[in-house]
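See structure below.
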Amino acid sequence: MFLSTAGFNKAWEFESSSTQKVLDVLTDESLKQAVKPSDRTLGGLAWHLVTALSSIMGQTGLLFDAPAHNTALPATAKEIADAYRQASQALAKAVQTQWTDETLQETCNMFGQTGWTKGRALSILINHQIHHRGQMTILMRQADLIVPGIYGPAKEEWSQIGMEAPEIV
């Protein structure tokens, strides 16, 4: 749970840029990748990360420009990545300009649950991004895309830092 807007801003800067790195690797062909036909596609997960910004934070009263939850999936990976870039920056600016540290203690109703603080909603938003980003990296590997490192080097990045990738056991 965030107790300060500065704390959120620092975390959001890293996490949203990490999500952006993942989105920027997607190709139009990869958007259809799924584990099985009944599951979300890679493009569907990517677009969900974009639209979730407004669907989650809209419940807190935060106002910013972002695609609504029911907005149709764009046709290209670039459109998804560009939409995320715009919406994530708008979200950060809205938190900085509309909320204070005290605002983060205010409660709101989230998905039918009462008593969430706005600081908790911000934490859940970040955790939600991390959760779906992890799902996306599996689908990216299946689509033969190179996954960027987030919390350390990806297997393809070890050699760039002069090290051998750890053995797979």
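Using every alpha carbon pair in region 23-78, what percent of pairs falls into each 5 Å bin from 0 up to the bin containing the largest distance?
Spelled out bin by bin, region 23-78 gives 4, 20, 25, 21, 16, 9, 5, 1 percent.
With all protein chains present and a 1.4 Å probe, how do Ile56, Ile124, Ile146 order by accessible area, largest first?
If we order Ile56, Ile124, Ile146 from most to least accessible, we get Ile146, Ile124, Ile56.
So if the hydrodynamic radius of region 5-101 is defined as the Kirkwood radius over C-alpha pairs, what does Stokes-Einstein give as its diffusion coefficient at 25 °C and 0.890 mPa s, in µm² per second?
D, rounded to a whole number, is 175 µm²/s.
Would you mind getting the Kirkwood hydrodynamic radius of region 99-169 from its Cα pairs, rounded to one decimal in Å?
When all Cα pairs of region 99-169 are included, the Kirkwood radius is 15.3 Å.
Enter the Cα centre distance for the pair region 1-65 and region 111-160, rounded to the nearest angstrom.
Between the Cα centre of region 1-65 and that of region 111-160, the gap is 8 Å.
When the Kirkwood radius is taken over all Cα pairs of the chain, what Stokes-Einstein diffusion coefficient follows at 37 °C and 0.692 mPa s, in µm²/s?
193
What FRET efficiency do you get for Glu102 and Glu157 if R0 is 30 Å and r is their Cβ-Cβ distance, rounded to the nearest 0.05?
0.15
Just grab the label-to-label distance for Gln89 and Thr114, each label 7 Å out from Cα along the Cβ direction, in nm (one decimal).
With each label point 7 Å from Cα toward Cβ, the separation is 4.0 nm.
Arrange the residues Met140, Met1 by how much accessible surface each exposes, largest first, with a 1.4 angstrom probe.
So, going from the largest accessible area down, we get Met1, Met140.
Using a simple charge model, +1 on the beta-carbon of Lys and Arg, -1 on the beta-carbon of Asp and Glu, nothing else, what dipole does region 3-104 show about its Cα centre, in debye to the nearest 20?
With Lys and Arg at +1 and Asp and Glu at -1, about 180 debye.
The values are calculated or read from the model by the stated rules, or taken from the named source; none is laboratory data. Computed from a predicted structure; not experimentally measured. FYI the Cβ positions are ideal-geometry reconstructions off the backbone, even for glycines, and counts take in every protein chain you see. Protein only, heavy atoms only, side chains kept; ligands, DNA and RNA dropped before computing areas. Shrake-Rupley method; radii C 1.70, N 1.55, O 1.52, S 1.80 Å.
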